[in-house]
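Reviewing the structure listed below.
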Amino acid sequence: MNDVLSEVVKILTDVVGEDFPPDARIGPATTFGDDIGLESIEFVALADRLRTRYGDHVDFPGFLADLDLDEITNLTVGDVVDHITERERAHVSASRSSAALPEGDR
């Protein structure tokens with residue numbers, strides 16, 4: 001999980017760039033709204049970077065689509081890390097299950 005957290009922090013810092021609050025420290029409890037002030041265009045860039053880094057199976061846009069505006073505003077870095085970690089585990093598990101199937105059943 002720490003590797004995912006480090007990667008999300010790096011991606012987030014790149015996305016926000018020079019608009020990143022100079023005194024901001026990003027951790028699992030950091031919110032995208034109040035703490036970072038992430039704009040909608042930055043959410044799009046974050047989603048694109050996460051897809052590039054982790055693949056389509058992470059489905060960050062789908063994750064966001066299930067949230068209302070208040071939930072998105074209060075979304076934390078830890079929430080995103082948890083989502084990625086869960087989706088990565090599910091992807092690995094599905095890949096292993098598929099590999100165990102006989103060739104004709106895949």
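May I ask you to list the residues in region 14-28 that are of a type in the set (Val, Ile, Thr) and in contact (Cβ under 8 Å) with a residue 40 or more places away in the chain?
Ile26
Of all residues in region 48-93, which are surrounded by 14 or more Cβ atoms within 10 Å (Cβ to Cβ), aliphatic (A, V, I, L, M) and either more than 19 Å from Asp35 (Cβ to Cβ) or touching a residue at least 60 places away in the same chain (Cβ under 8 Å) (or both)?
Selection gives Val58, Val77, Val80, Val81, Ile84.
Residues that are touching a helix residue (DSSP H, G or I) at 6+ places or on another chain (Cβ under 7 Å): which helices (runs of 4 or more DSSP H) entirely in region 23-78 hold 3 or more of them?
40-54, 60-65
Restricting to region 1-27, name every residue that is at pLDDT 90 or above and buried (at least 16 other Cβ atoms within 10 Å of the Cβ).
Val4, Leu5, Glu7, Val8, Val9, Ile11, Leu12, Val15
Does any residue of region 50-71 turn out to be polar (S, T, N, Q), closer than 19 Å to Val4 by Cα and modelled with pLDDT of 90 or more?
yes
Within region 1-22, which residues are touching a Ser or Thr at 6+ places or on another chain (Cβ under 7 Å) and outside any helix (DSSP H, G or I)?
Within region 1-22, Met1, Phe20 qualify.
The values are calculated or read from the model by the stated rules, or taken from the named source; none is laboratory data. Note that the structure is a prediction, hence the values are computed from the model and not measured. Virtual Cβ from ideal backbone geometry, glycine too; neighbours counted across all protein chains shown.
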